[in-house]
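Below: one structure, written as C-alpha cells.
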Amino acid sequence: MMKKNPPSSAQLDADEFDMWKALGGVRGLGESVVPGIVFVVVFILTSDLSYAIISSLSLTLIAVIVRLLSKTPLTQALSGLGGIIIGAIWAWRTGQAQDFFLWGLFVNAAFALGTLLTIAFKRPLVGLIVENFSPGISVIGGARRIFLTASWLWAAAFLLRLAVQIPLYLNSSIGWLGTARVAMGLPLWALVLWVTWLLVRPVVHLHQRDGIPL
C-alpha cells in the first residue's frame, strides 16, 4: 500500500532540487511502492486476500526492523505500516481486496479539502509551509499569487488521484487500482514538488539574498 505522507517539503527551500530526496531515496521509494505491488501480485496470483495482506504487512514490518537495526529514522516506515494496518483491517472485515486501498482515498480527500480550505481563506498551504522555512516571507504578502498557484497545483494532484482511483475502486479493478496507486504516489508527488520549487524558489531566493519582506 502506498504511503500517504508526501516526500519532505523541505525540498521547497533547497538551493537545488534533489529528485531522489523528494522520492525519499532508494529505501523510501522501495518502502512506499513494494508493499502495494506485492499485495496486488499475490492477490492476483492466489485470489486469497489473507495471503496478500500477510505478504504486504510482512514486508512493511521488515522495513521497520531494518530501520531499527540501522538506527535510521522510523517516521516513513511507521507511517506506511499504519496505513497498511488500517487497509488490511478494512479489507479483512469486508472481504473485499479493493478496501485495502480505501484509507488512501480518504487521506487524499482530506488533503484535497484541507488545501482547498487554505486557498479559500487566502492562506494558501504552500505559503504556510514556506513561511516556516523562511521567516519574513508572508503568505499574505506580495508573493501570495505564487503561493496560491502552487497550492492549486497540490489540490489538483490530490483531486486527480481521486478522479482516477475512485472509479477503479468502485469497479474492483485491483490490478489497475494498485498500478494507479504506485504511479500516482511518490513519483507524481515528486513531480508536483519540483514544479512547486520552480514557482517558489525565486521568491525565497530574493528574500534570502536581499532580506526583502514579501
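The values are calculated or read from the model by the stated rules, or taken from the named source; none is laboratory data. For clarity, every value in this text was computed on a predicted model and none was experimentally measured. Please note: Cβ atoms are built from the backbone with ideal geometry, for glycine as well, and neighbour counts cover all protein chains shown.
When you look at PHE101, is it in contact with a helix residue (DSSP H, G or I) (Cβ under 8 Å, 6 or more places away or on another chain) and either buried (at least 17 other Cβ atoms within 10 Å of the Cβ) or farther than 23 Å from GLY28 by Cα (or both), yes or no?
On the way: in contact with a helix residue (DSSP H, G or I) (Cβ under 8 Å, 6 or more places away or on another chain): yes; either buried (at least 17 other Cβ atoms within 10 Å of the Cβ) or farther than 23 Å from GLY28 by Cα (or both): yes.
Criteria met by PHE101.
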Enumeration of residues in region 175-192 that are crowded, with 21+ Cβ neighbours inside 10 Å, modelled with pLDDT of 90 or more and of a type in the set (A, V, I, L, M, F, W, C): LEU177
Tally of residues being part of a helix (DSSP H, G or I) and surrounded by fewer than 19 Cβ atoms within 10 Å (Cβ to Cβ) across region 43-56: 7
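Answer yes or no as to whether PHE106 is in a helix (DSSP H, G or I), surrounded by 14 or more Cβ atoms within 10 Å (Cβ to Cβ) and either at pLDDT 90 or above or on the phi < 0 side of the Ramachandran plot (or both).
Values: in a helix (DSSP H, G or I): yes; surrounded by 14 or more Cβ atoms within 10 Å (Cβ to Cβ): no; either at pLDDT 90 or above or on the phi < 0 side of the Ramachandran plot (or both): yes.
So PHE106 fails the test.
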Scan of region 87-97 for residues that are modelled with pLDDT of 90 or more, surrounded by 15 or more Cβ atoms within 10 Å (Cβ to Cβ) and assigned to a helix (DSSP H, G or I), ordered by number: TRP90, ALA91, ALA97
Residues located in region 109-122, provided they are buried (at least 17 other Cβ atoms within 10 Å of the Cβ) and within 15 Å of the chain's Cα centre (by Cα): PHE111, ALA112, THR115
Inter-residue pairs, beta-carbon under 7 Å, first among the polar types (S, T, N, Q) and in region 14-35, second at pLDDT below 70 and in a loop (DSSP other than H, G, I, E, B), 6+ apart: SER32/MET2; SER32/LYS3; SER32/GLY24
Pairs with Cβ under 7 Å, 6+ apart, first in region 105-116 and farther than 11 Å from ALA156 by Cα and touching a residue at least 40 places away in the same chain (Cβ under 8 Å), second surrounded by 19 or more Cβ atoms within 10 Å (Cβ to Cβ) and among the polar types (S, T, N, Q): LEU105/GLN165
Leading residue by the ranking (farthest from LEU191 (Cα to Cα)) among those in region 113-145 that are of a type in the set (A, V, I, L, M) and modelled with pLDDT of 90 or more: ALA120
